[in-house]
1. Quick one: in region 190-211, of everything that is in contact with a strand residue (DSSP E or B) (Cβ under 6 Å, 6 or more places away or on another chain) and assigned to a loop (DSSP other than H, G, I, E, B), which residue is nearest to ligand 2 (Cβ to nearest atom)?
2. Report every pair of residues separated by at least 6 positions or lying on different chains whose Cβ atoms are under 7 Å apart, first residue within region 216-235 and in contact (Cβ under 8 Å) with a residue 24 or more places away in the chain and among the acidic types (Asp, Glu), second surrounded by 21 or more Cβ atoms within 10 Å (Cβ to Cβ) and not in a strand (DSSP E or B).
3. Would you point out the residue of region 48-73, among those that are more than 15 Å from the chain's Cα centre (by Cα) and among the polar types (S, T, N, Q), that is surrounded by the fewest Cβ atoms within 10 Å (Cβ to Cβ)?
4. Filter the helices (runs of 4 or more DSSP H) completely within region 68-177 down to those with at least 1 residues that are closer than 28 Å to residue 215 by Cβ and either touching a residue at least 12 places away in the same chain (Cβ under 8 Å) or out of contact with any Gly (no Cβ under 6 Å at 6 or more places or on another chain) (or both).
5. Scanning region 296-317 for residues that are under 17 Å from the mean Cα position of the chain (by Cα) and in a loop (DSSP other than H, G, I, E, B), which turns out surrounded by the fewest Cβ atoms within 10 Å (Cβ to Cβ)?
6. Please find, within region 90-113, the residue that is farthest from ligand 1 (Cβ to nearest atom) out of those that are crowded, with 16+ Cβ neighbours inside 10 Å and more than 19 Å from the chain's Cα centre (by Cα).
7. Exactly one of (1) within 16 Å of ligand 2 (Cβ to nearest atom); (2) surrounded by fewer than 22 Cβ atoms within 10 Å (Cβ to Cβ); (3) part of a helix (DSSP H, G or I) is unmet by residue 181. Its number?
8. Specify which of the listed residues (146, 164) is among the basic types (Lys, Arg) and surrounded by fewer than 16 Cβ atoms within 10 Å (Cβ to Cβ).
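Just so it is clear, none of the values below were taken in a lab; they were calculated from the coordinates. None of these values were measured; they are calculated from a predicted model. Note that we place each Cβ from the backbone using ideal geometry, even for glycine, and neighbour counts take in every protein chain shown.
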Amino acid sequence: MKDLISDLRTDWTREEAEAIYNQPFMDLLYQAQTVHREYFDPNQVQRSKLLSIKTGGCAEDCAYCSQSARNGSQLPAAKLIEVERVLAEAKKAKDGGATRYCMGAAWRSPKDRDMATLEAMVHGVKELGMETCMTLGMLEDDQVIRLKDAGLDYYNHNIDTSERYYSEIISTRTFADRIDTLNRVREAGIKVCSGGIVGMGEQQMDRVDMLLALATLEEHPDSVPVNMLIPMADTPLADVEKLDPIEFVRTVALARILMPKSHVRLSAGRTDMTDELQAMCFFAGANSIFVGDTLLTADNPEEDVDAVLFTKLGITAMAVGSHGTK
Ligand code: SAM
Ligand code: DTB
Ligand code: SF4
């Protein structure tokens, strides 16, 4: 094993990333935990809450998603929900200990007629004292500026997989479209949340390349969600072979080592993970989760189940605005 001290590098090479990913598992975990401790308290985990503000009927064809109108699952298309409902839900989430509120919409991109409502949501959630995050699809320059001016702290926009595997998963937009939106968001001064999904039938090199793409952006994303695919009925990935959990932990560890100061989020898929697997992910450097019993459309562990896990592991909640310095 080489040098354990990790700087904020954006010039990682594929050879370096592959060597980190493929080293003996104990060396990988030790390196990840060592890097993690340089920037974070290893016993603190940040908690975000998700809300689907516009569900179903999406024009995109993402092969993993229950909300695409093109997938067989045909989740009915709902309208953008009311601001009051969002604020009532956000208040509950805050009372439950979440520090960041993430509002997600099943859109290719927002329509200009929706912007005023979105701005009001951001404004209202900020007034509750929570960090705000939205995930609305691709954004134009003027939309990014309006959201920034409304007080949006984070924008989630996942690259989902490697550039090589991307067209196997989505045909209605390109990897380059995703990177364009990420650049716009960063240039406007909104913090970037970007990660992807593993367990979609990709190769090991796709997992490595996905993280390499994020780690070689001009700046590392502030948050990197690593989602384990939740197989959705009637989607093209409904019956994909399950990923070996050790590969999942290796992916989390590589994210931590390449992007030492980012919040690495153990995102979708926790309902099917054992306590031991989640503990190993935290040891590998994951330090953020989604809380509450629902993600956007899928189940997530109940609050009391997470509370028991945190107690068992001696993990405490990270405060609002803790950005990777101990
Ligand atoms: N429509 C917007 C977009 O795609 O950018 C925002 C919402 S979308 C549901 C947000 C992210 O959730 C996706 O990019 C994907 O990474 C993740 N996701 C969606 N369905 C998932 C599933 N079945 N399993 C794991 N992650 C999933
Ligand atoms: C992210 O990376 N994962 C979240 C959030 N960003 C928007 C979404 C997970 C969705 C899981 C499937 C669902 O609930 O429909
Ligand atoms: Fe639409 Fe987002 Fe689902 Fe893709 S992931 S189908 S863009 S809601």
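1. Looking at residues that are in contact with a strand residue (DSSP E or B) (Cβ under 6 Å, 6 or more places away or on another chain) and assigned to a loop (DSSP other than H, G, I, E, B), I get 195.
2. Correct list of pairs: 222/262; 234/71.
3. Looking at the filtered set, the residue picked out is 73.
4. Details: elements: 83-95, 115-127, 141-150, 163-169.
Answer list for region 68-177: 141-150, 163-169.
5. To start, the set of residues in region 296-317 that are under 17 Å from the mean Cα position of the chain (by Cα) comprises 296-301.
Checking the rest, the ones that are also in a loop (DSSP other than H, G, I, E, B) come to 296-298, 300-301.
Details: 296: 21, 297: 17, 298: 14, 300: 23, 301: 20.
Among them, the one singled out is 298.
6. Among residues in region 90-113 that are crowded, with 16+ Cβ neighbours inside 10 Å and more than 19 Å from the chain's Cα centre (by Cα), the one farthest from ligand 1 (Cβ to nearest atom) is 94.
7. All conditions pass for residue 181, except number (2).
8. Values: 146 fails: surrounded by fewer than 16 Cβ atoms within 10 Å (Cβ to Cβ).
Answer to the check: 164.
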